[in-house]
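Read-outs: derived from the displayed coordinates by stated rules, not from any lab. Predicted model, so just to flag it, every value in this text is computed and none were measured. For neighbour counting, all protein chains shown are included, and Cβ atoms are generated from backbone atoms with ideal geometry for every residue, glycine included.
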Amino acid sequence: MIVQSIPFVRTALRMWSGAIVWAAHFAAIYSVTALACARGYAHARFFGLELVTLAVLAATLLAFLAALAIVRRARRADAASFESWITATVASLAAIGIVWEGFVPVVMLPACG
């Protein structure tokens, strides 16, 4: 029974991989920000930027590149298949969400408001 469901699980994980990257990014940036604010590292500087800002921007860049890699791989796989279309669409929406939650707050708000 489990062996028969493995292709389904693999397909489902591939289709939702963009959302998984987005969720991991969300958890990472909010965890880093919360820990830095709670421990008093909010105004620590590294390369002229606040440590929290630098960490959030780095995580955002990595997650955005991962989402774009998922889109690119899905578009190369089989453009006519439903699974590839869903994979590319979800990863594209995840890339927009990653930029929105990672870049916009850094530019507009202080790290520990």
Give me the pairs: first residue in the range 33-59 and more than 18 Å from Glu101 (Cβ to Cβ), second residue outside any helix (DSSP H, G or I) and not hydroxyl-bearing (Ser, Thr, Tyr), beta-carbon distance under 6 Å, and six or more apart or on different chains, which are they? Ala42/Ala111; Ala42/Cys112; Leu51/Ala44
Hey, Leu35 hits all of (1) part of a helix (DSSP H, G or I); (2) more than 21 Å from the chain's Cα centre (by Cα) but one; which does it fall short on? (2)
Kindly establish whether Thr60 is under 29 Å from Ala34 (Cα atoms), within 12 Å of the chain's Cα centre (by Cα) and either surrounded by 14 or more Cβ atoms within 10 Å (Cβ to Cβ) or of a type in the set (D, E, K, R) (or both). yes
